[in-house]
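Visitor: Got a structure for you, questions after.
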Amino acid sequence: MAAAPHMPPRPDGIVTRFAPSPTGCLHIGHAYSALFAHRKASESGGRFILRLEDIDATRCRPEYAQGITEDLRWLGLTWEEPVRKQSEHMDDYRAALGRLEAAGLLYPCFCSRRDIQEEIARAPAAPHGPEGALYPGLCRGLSASERNDRIAAGNTYALRLDMTAALSRLAAPLFWEDIAQGRQAAHPEILGDVVLARKDTPASYHLCVTIDDHLQGVTCVTRGEDLFHASHLHRLLQHLLRLNVPVWHHHPLLLDDAGRRFAKRNHSVTLQHMREQGKTPEDIRAGMAHFAAVRLP
């Protein structure tokens with residue numbers, strides 16, 4: 001994986017991407033996000049990329065990947081080929097993990113979810129972040145010999161980022177730019193010692209998306225505002241791995257009439273269902289205008 005310094009957007013247009021996971025059918029909220037990214041690229045004369053985030057082998061299916069491309073083409077979107085599938089690029093993520101491990105920034109965590117929940121319950125004043133209680137650090141202080149003995153014994157473990165050690169490598173505060181909300185000071189500590197790899201999922205979303213955006217030359221990361229806090233961590237990973245730094249544009253989530261987020265489990269709002277019911281792409285855009293009070297081209 002080639003390292004690169006911070007690069008500004010190309011003068012001939014920005015590069016955006018839509019990166020769904022093929023774990024179900026796309027719904028109207030996905031359509032909104034895909035059209036949002038496509039519009040930003042086309043308005044600047046830039047490039048739009050489709051990526052399939054399929055590292056979860058237990059939930060991702062080929063038929064869902066095929067359905068994603070069919071839905072997007074039905075909406076009238078085009079993208080560059082070939083489509084990057086994360087499952088085909090595990091070497092890129094292993095290389096990044098290797099660099100972090102060599103720098104002393106990773107440690108194995110042998111805790112089960114139950115271990116973590118019980119420790120948090122014993123400490124009601126445990127630190128919390130935007131996603132809930134932070135990992136309490138049970139395995140952070142294990143000695144090298146203890147870690148090696150547990151690994152040799154076949155104990156299951158995840159690789160966590162040592163946030164305190166990572167922050168100690170910063171010579172100055174980090175910042176990132178969000179088109180909707182302006183310049184942001186990076187505070188990745190709000191997410192604690194995040195998991196970057198597991199046995200069943202060899203690389204996490206946080207690591208993969210950061211590496212992919214760099215390798216694919218993405219200059220504007222568009223996604224829902226529910227992932228706003230993740231950008232603090234991604235900015236830190238970019239610094240530690242010497243990756244390109246894009247700008248971000250976190251858009252509002254599309255909500256139903258009851259104020260709930262659209263979900264894959266709700267079959268009635270999937271694009272496949274709407275197509276089967278005789279809806280047109282224009283109907284979808286009208287529906288998004290209704291739910292978001294925004295009309296996309």
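Coordinate-derived values only; no laboratory data. The structure presented is a predicted model; accordingly, all values stated were derived computationally and were not measured. All Cβ positions, glycine included, derive from the backbone under ideal geometry; neighbour counts span all protein chains shown.
Visitor: Which whole-Hz couplings ³J(HN,Hα) result when phi for each residue of region 255-261 is put into the Karplus expression 6.51 cos²θ - 1.76 cosθ + 1.60, θ = phi - 60°, listed in order with x for Gly and Pro?
Guide: Karplus-based 3J(HN,Hα) across region 255-261 equals 10, 7, 5, 8, x, 9, 5 Hz.
Visitor: Over its Cα atoms, what ratio of radius of gyration to 2.2 N^0.38 Å does region 1-158 give?
Guide: On the way: Rg = 20.8 Å, N = 158, 2.2 N^0.38 = 15.1 Å.
Ratio of Rg to 2.2 N^0.38 Å for region 1-158: 1.38.
Visitor: Quick one: dipole size for the chain, taken about the Cα centre, charges +1 on Lys/Arg Cβ and -1 on Asp/Glu Cβ, in debye to the nearest 20.
Guide: Numbers: 35 positive and 35 negative charges, 19 e Å.
Using Cβ point charges on Lys, Arg, Asp and Glu, the chain gives about 100 debye.
Visitor: Quick one: which residues, 5 or more positions from GLY129 or on another chain, have an amide H under 5 Å from its amide H? H modelled 1.01 Å from N in the peptide plane, none for Pro or chain starts.
Guide: Amide H to amide H, under 5 Å and 5 or more residues apart or across chains, GLY129 pairs with LEU134.
Visitor: So, one more: Arrange the peptides 13-24, 151-162 so that the one whose residues have, on average, the most other Cβ atoms within 10 Å appears first.
Guide: Values: 13-24: 22.1, 151-162: 15.5.
By packing density, highest mean first, the sequence is 13-24, 151-162.
Visitor: Tell me, what is the FRET efficiency for GLU118 and ARG260 to the nearest 0.05, using R0 = 25 angstrom and their Cβ-Cβ distance as r?
Guide: Numbers: r = 31 Å, r/R0 = 1.26.
Efficiency, rounded to the nearest 0.05: 0.20.
Visitor: If I take every Cα pair under 8 Å that is 6 or more residues apart in the chain, average their sequence separation and divide by the length, what percent do I get for the relative contact order? Please list the in-between numbers first.
Guide: On the way: 456 pairs, mean separation 74.9, N = 297.
Value for the chain: 25 percent.
Visitor: To continue, here is another question. What base-10 log of the normalised intensity I(q)/I(0) is obtained for region 80-148 from the Debye formula, alpha carbons as equal point scatterers, at q = 0.11, 0.14, 0.15 Å⁻¹?
Guide: Log-scaled intensity ratios, in q order: -0.46, -0.68, -0.74.
Visitor: Something else about it: Based on the Cα atoms of region 146-194, what semi-axes does the equivalent ellipsoid have, where each is the square root of 5 times one gyration tensor eigenvalue, given in whole Å with the largest first? The partial results should precede the final answer.
Guide: Details: eigenvalues 231, 34, 8 Å².
For region 146-194, the semi-axes come out at 34, 13, 6 Å.
Visitor: Could I ask something else about it? Can you give me the angle between helix 205-215 and the longest principal axis of the chain, using Cα atoms only, in degrees from 0 to 90, rounded to the nearest 10?
Guide: Tilt relative to the chain: about 70 degrees.
Visitor: P(r) of the chain in 10 Å steps, Cα pairs, percent per bin?
Guide: Taking every Cα pair in the chain, the percentages come to 6, 25, 33, 24, 11, 2, 0.
Visitor: What is the magnitude of the charge dipole of region 37-77 about its Cα centre, with +1 placed on the Cβ of each Lys and Arg, -1 on the Cβ of each Asp and Glu, and no other charges, expressed in debye to the nearest 20? Kindly include the intermediate steps, with their values, before the conclusion.
Guide: Numbers: 7 positive and 7 negative charges, 40 e Å.
Computed about the Cα centre, the dipole is about 200 debye.
Visitor: May I pose another question? For PHE175 and GLU225, what does the FRET efficiency come to when R0 = 25 Å and r is the distance between their Cβ atoms, rounded to the nearest 0.05?
Guide: Numbers: r = 19 Å, r/R0 = 0.75.
About 0.85, to the nearest 0.05.
Visitor: Let me ask another. Rounded to two decimals, what ratio of Rg to Rh does region 135-271 give with C-alpha atoms and a Kirkwood Rh?
Guide: Over the Cα atoms of region 135-271, Rg/Rh equals 1.04.
Visitor: Separate question: Plugging the Kirkwood radius over Cα pairs into Stokes-Einstein for region 159-239, at a temperature of 25 °C and a viscosity of 0.890 mPa s, what D comes out in µm²/s?
Guide: Values: Rh = 13.5 Å.
Rounded to a whole number, D works out at 182 µm²/s.
Visitor: Could you check which residue among ARG140, ARG261, ARG84 shows the biggest mean-square fluctuation in a GNM of the chain with a 10 Å Cα cutoff?
Guide: ARG261
Visitor: Please report the relative contact order for region 168-287, taking Cα pairs under 8 Å with a sequence separation of at least 6, and give it as a percent rounded to a whole number.
Guide: Relative contact order for region 168-287 comes out at 25 percent.
Visitor: Which cross-chain or sequence-distant (5 or more) residues have an amide H under 5 Å from the amide H of LEU106, H modelled 1.01 Å from N in plane?
Guide: Placed amide hydrogens put ASP162 under 5 Å from LEU106.
Visitor: Taking region 88-189 as the region of interest, what is the percent of Cα-Cα pairs per 5 angstrom bin, listed from the shortest bin to the one with the maximum distance?
Guide: Spelled out bin by bin, region 88-189 gives 2, 10, 15, 18, 19, 17, 12, 5, 2, 1 percent.
Visitor: Could you tell me which Cys residues in the chain have no other cysteine's Cβ under 4.7 Å from their own Cβ, answering none if every one has a partner?
Guide: Result for the chain is CYS25, CYS60, CYS111, CYS208, CYS220, no neighbouring Cys Cβ within the cutoff.
Visitor: Using Cα-Cα distances under 8 Å and only pairs 6 or more residues apart, what relative contact order does region 1-137 have, in percent? Write down the numbers at each step before the final one.
Guide: Details: 132 pairs, mean separation 29.7, N = 137.
Across region 1-137, relative contact order equals 22 percent.
Visitor: Count the DSSP beta bridges whose two residues both fall in region 139-297, then state the antiparallel fraction as a percent rounded to the nearest 5. All intermediate terms of the calculation are to be shown ahead of the outcome.
Guide: Details: 7 of 13 bridges.
Among the beta bridges of region 139-297, antiparallel pairing accounts for roughly 55 percent.
Visitor: Please list, in order along region 158-170, the HN-Hα scalar couplings obtained from phi with the Karplus expression 6.51 cos²θ - 1.76 cosθ + 1.60 (θ = phi - 60°), rounded to whole Hz, x for Gly and Pro.
Guide: Calculated HN-Hα couplings, in order: 10, 9, 10, 7, 7, 5, 4, 5, 5, 5, 5, 7, 7 Hz.
Visitor: Next up: Considering only DSSP beta bridges whose two residues both sit in the chain, what percent are antiparallel, to the nearest 5? Numbers along the way, then the final one.
Guide: Numbers: 14 of 26 bridges.
Among the beta bridges of the chain, antiparallel pairing accounts for roughly 55 percent.
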